[in-house]
Amino acid sequence: PSLSLHPARGEVTRGLHLAFDATSREVVDAFFAAALSAGGTERHAPRHWPEYRAYCAFVSDPDGNNVEAVHKEA
């Protein structure tokens, strides 16, 4: 699969939830640090979510979209 992001031409998308599959907890942590340093706002710091059986982090982008990195665990 691929994903291509481009600047909006007109109305900005808001309320989107975009999740990226991460290969490890370390990748989730790196995503979170990079997202915050790029201007994202913390929604949920990296932690294990038992209800999802996953290690996840969530940030809001400058337009209010929810961006997640998720590492599924057994």
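The values are calculated or read from the model by the stated rules, or taken from the named source; none is laboratory data. Keep in mind that this is a model prediction, so the values were computed, not measured. Note: ideal-geometry Cβ built from the backbone for every residue, glycine included; neighbour counts use all protein chains shown. Each accessible area value is taken on the protein alone, full model and side chains, heavy atoms only, with ligands, DNA and RNA left out. Shrake-Rupley method; radii C 1.70, N 1.55, O 1.52, S 1.80 Å.
What to note about this one:
- Rounded to 5, percent antiparallel among DSSP beta bridges of the chain: 70 percent
- Accessible surface, the chain, averaged per residue in Å² (probe 1.4 Å): 71 Å²
- Taking Cβ atoms as reference points and 15 Å as the exclusive limit, the residues near Arg25 contribute a net charge of -2, counting Lys and Arg as +1 and Asp and Glu as -1.
- Rounded to the nearest 500, the 222 nm mean residue ellipticity of the chain from helices alone is -5500 deg cm²/dmol, with -39,500 (n - 2.57) taken per DSSP H run of at least 4 residues.
- A Förster distance of 35 Å, applied to the separation of the beta-carbon atoms of His44 and Ala8, puts the FRET efficiency at 0.85.
- Within the accessible surface of the chain, defined with a 1.4 Å probe on protein heavy atoms only, the carbon and sulfur portion equals 54 percent.
- In the distance distribution for the chain, Cα-Cα pairs more than 19 Å apart total 36 percent.
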